[in-house]
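Here is the structure we will look at.
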Amino acid sequence: MSITAHILRKEKEDGPETLTEILLNFVELPCSHSGENMARTVAKILEEYNLQGKVSYILNVDILAISYAP
């Protein structure tokens, strides 16, 4: 499971904001991929980066459930 952060950053105080993507962690879930196990893993990573309470939303994409048109 990969955990990425998407933030708006300014290079200069009066400059434009740019969207920046940062890979926080890529972890293997050794147990079931249940919502509870994924939530526990995300919470641990957010704590490691001191991001608790600073997250606007979380998106979970199950790549295996996406079907591609030919």
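The values are calculated or read from the model by the stated rules, or taken from the named source; none is laboratory data. Just so it is clear, the model here is predicted, and its values are computed rather than measured. In this analysis, Cβ positions are derived from the backbone assuming ideal geometry, glycine residues included, and neighbour counts consider all displayed protein chains. The area values use the complete protein model at the heavy-atom level, side chains included, leaving out ligands, DNA and RNA. Shrake-Rupley method; radii C 1.70, N 1.55, O 1.52, S 1.80 Å.
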Out of all the residues in region 32-42, which are loosely packed, with under 12 Cβ neighbours inside 10 Å and either assigned to a helix (DSSP H, G or I) or in contact with a strand residue (DSSP E or B) (Cβ under 6 Å, 6 or more places away or on another chain) (or both)?
GLY35, GLU36
Would you mind telling me which numbered condition in (1) open to solvent by less than 100 Å² (accessible area, probe 1.4 Å); (2) modelled with pLDDT under 85 LYS54 fails?
(1)
Just to be sure I understand, how many residues within region 1-23 are of a type in the set (A, V, I, L, M, F, W, C) and exposed (fewer than 10 other Cβ atoms within 10 Å of the Cβ)?
3
Output the qualifying pairs, or none if there are none: Cβ atoms under 8 angstrom, residues six or more apart or on different chains, first residue in region 14-29 and farther than 10 Å from ILE3 by Cα, second residue at pLDDT below 90 and of a type in the set (Gly, Ala, Ser).
GLU21/ALA5
